[in-house]
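Engineer: Here you go, one structure.
Since every read-out is calculated from the coordinates, none of them should be taken as a lab result. All figures in this text were calculated on a predicted structure; none of them were measured in a lab. Glycine gets a Cβ as well: all are built from the backbone with ideal geometry, and neighbour counts include every protein chain shown.
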Amino acid sequence: MRKNRCFRKPVLLAKIHGFLCLLFLTMCPATSVAEEVRVAVAANFLATLNEIVTTFEQDTGHVVTVSSGSSGRLYAQIKNGAPFDVFFSADVMRPRLMEEEGLAVQGSRFTYAVGRLTLWSPGPTMIEGNGKAMLLSDEVEHVAIANPKTAPYGAAAKEVLQALGLWEPIQDRLVRGENIGQTFHFVFSKNAQLGFVALSQVLGHKVNGAGRRWDVPAHLHAPLRQQAVLLHNGQDNEVAYAFLDYVKGATSLNVIERFGYGLE
């Protein structure tokens with residue numbers, strides 16, 4: 001009898017232990033593991049996206065890893081195998097090309113913002129209403145623009161200067177940033193007296209609208225429609241889908257408008 005009881009005791013303890021574990025799991029569900037989405041974003045939208053990312057991570061517990069640069073440079077990196085899940089371009093052309101080239105998921109492309117170009121100076125008196133006059137002023141030694149070949153905001157700045165008849169006359173004053181972020185830095189650091197930058201950069205936390213600016217009339221350049229696309233690398237990543245949906249939501253749209261972008 002004693003031998004029989006000794007045999008049953010471990011079995012009974014194992015059953016009790018199993019029951020307690022099951023009860024614990026029922027009462028305390030397992031903590032979900034944060035998942036990640038890797039985002040490539042055009043430099044003009046970086047500050048705006050960072051604010052959206054902050055609320056997304058707080059609301060969902062997921063992690064967003066962001067890399068920024070010119071749209072052209074990011075496009076080249078993605079073509080060469082950079083492991084991004086989502087691409088926020090500063091134009092329509094590159095997301096469309098990605099669909100055509102099989103780099104992006106068909107039907108995922110959408111316009112997330114319409115950019116606005118401004119001629120900006122951190123000084124309080126540099127711009128007095130007439131942008132063309134200031135570009136020709138003897139006080140201006142350097143005018144910063146983004147590289148028109150790789151940055152959509154640079155291409156727009158070139159269009160503006162051509163429309164004003166100034167592309168050739170001020171060639172010796174132009175300094176080119178690799179992207180709109182570097183272009184902004186040229187002006188912010190006062191290495192250039194003026195610069196064609198994104199309005200969102202001037203309205204962002206770093207500047208808060210300080211200095212003087214001439215908001216470029218929209219008819220002087222092609223619309224800066226900015227599109228995002230889900231890349232093939234992210235087609236099985238549920239967080240990538242969730243993040244794109246979040247960008248389309250009311251919370252994100254309010255942030256986008258506050259940074260000076262238009263919406264379609």
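Engineer: Evaluate E = 1/(1 + (r/R0)^6) for E238 and K206, where r is the Cβ-Cβ distance and R0 equals 51 Å; express this FRET efficiency to the nearest 0.05.
Structural biologist: Once rounded, the FRET efficiency stands at 0.95.
Engineer: Can you give the % of DSSP beta bridges in segment 115-220 that are antiparallel, to the nearest 5?
Structural biologist: Values: 8 of 14 bridges.
Of those bridges, close to 55 percent are antiparallel.
Engineer: Highest first, please rank the peptides 100-110, 140-150, 177-187 by the mean number of other Cβ atoms sitting within 10 Å of their residues.
Structural biologist: In decreasing order of mean packing, 100-110, 140-150, 177-187 become 177-187, 140-150, 100-110.
Engineer: Rounded to the nearest 0.05, what FRET efficiency do M93 and L263 have when you use their Cβ-Cβ distance and R0 = 22 Å? Numbers along the way, then the final one.
Structural biologist: Numbers: r = 20 Å, r/R0 = 0.91.
Here the calculated transfer efficiency is 0.65.
Engineer: Sticking with this structure for a sec: Taking 0.36 nm per intervening residue step and subtracting the Cα-Cα distance, what contour gain separates N254 from E100 on full extension?
Structural biologist: Full-extension gain reported as 52.3 nm.
Engineer: What does segment 161-215 give for Rg and for Dmax, in Å, if only its C-alpha atoms count?
Structural biologist: That works out to 11.9, 35 Å for Rg and Dmax.
Engineer: Looking at segment 115-220, what % of the alpha carbon pairs are farther apart than 15 Å?
Structural biologist: Percentage above 15 Å: 56.
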